[in-house]
Amino acid sequence: MALKTFVIVSGINNLSDARYCAGMLVNQLGFNIEKQHNNYTDPQSFKELSEWVSGVEFVGEFELESSAGSLKEQIAEYDLQAIMVSSVSLINEALSTGKSVIYRTDRLADAREAWEKWGKQLDYIILEDESAGTNDLAQLATTSPIVLGSGVSVDTVEAILDNIQPKGIALKGGNEIRPGYKEFDEMADILEALEDDEWA
């Protein structure tokens, strides 16, 4: 079974999410690896989680501008395929690591500007602009690889894929209720809606 589109799930911090998402054949799992972030995953925890799953790429996530100047140092103990940054001030430094680079923004204008400046040096852009219209998103999707991280629900995901035709969608993981126990609500509904029966 495959999914109908590319999917990244960000903010992974527990084995339940990691194993479920890998079992659903998502493409990438993102872990926040900034020591000062409240969802920080330390190297040992990352190693323990990543060893339980296979078939996915691992992304180190940086949301804080204060990470500037230390990206190489912070990723040294992680086996990552890509880095996600949420500030344009971190893009050049992220590119210098040799990893694939993803830029995440909540502004359509910033997505356009980043693609114009860095173009194919970026793997793709996650756009979380709640105010962006379908036509603007569809137009942007024709010129750059956009992964939508807002407005995605079980009721809208099929229309998004048909009308906007993005590279894919971005979802977020959540906390476990207690170790080993997790309620998979909307994320699970969306992933199940994306299962492609033709690949069964």
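The values are calculated or read from the model by the stated rules, or taken from the named source; none is laboratory data. Values in this document were obtained by computation on a predicted structure and should not be read as measured data. All Cβ positions, even for glycine, are placed from backbone atoms using ideal geometry, and neighbour counts span all protein chains on display.
When Ala82, Ala22 are checked against the criterion of being under 17 Å from Ala188 (Cβ atoms), surrounded by 17 or more Cβ atoms within 10 Å (Cβ to Cβ) and of a type in the set (A, V, I, L, M, F, W, C), a single residue qualifies: Ala22. The number of residues in region 5-19 that are at pLDDT 95 or above, surrounded by fewer than 20 Cβ atoms within 10 Å (Cβ to Cβ) and in contact with a helix residue (DSSP H, G or I) (Cβ under 8 Å, 6 or more places away or on another chain) comes to 1. Restricting attention to region 30-69 and to residues that are assigned to a loop (DSSP other than H, G, I, E, B) and of a type in the set (Phe, Trp, Tyr), the residue that is nearest to Lys99 (Cα to Cα) turns out to be Tyr40.
Candidates are the residues of region 101-112 that are of a type outside the set (Val, Ile, Thr) and free of Cβ contacts under 8 Å to residues at least 24 places away in the same chain; the one that is farthest from Val85 (Cα to Cα) is Ala109. Pairing each residue of region 1-27 that is in contact (Cβ under 8 Å) with a residue 24 or more places away in the chain and of a type in the set (Gly, Ala, Ser) with any residue that is outside any loop (DSSP other than H, G, I, E, B) and buried (at least 18 other Cβ atoms within 10 Å of the Cβ), provided the two are 6+ apart or on different chains, yields C-beta distances under 7 Å for Ser10/Gly30; Ser10/Glu61; Ser10/Ala170; Gly11/Gly30; Gly11/Asn32; Ala18/Leu29; Ala18/Leu49. Consider region 77-129 and keep the residues that are among the aromatic types (Phe, Trp, Tyr) and part of a helix (DSSP H, G or I). The one that is nearest to Phe6 (Cα to Cα) is Trp115.
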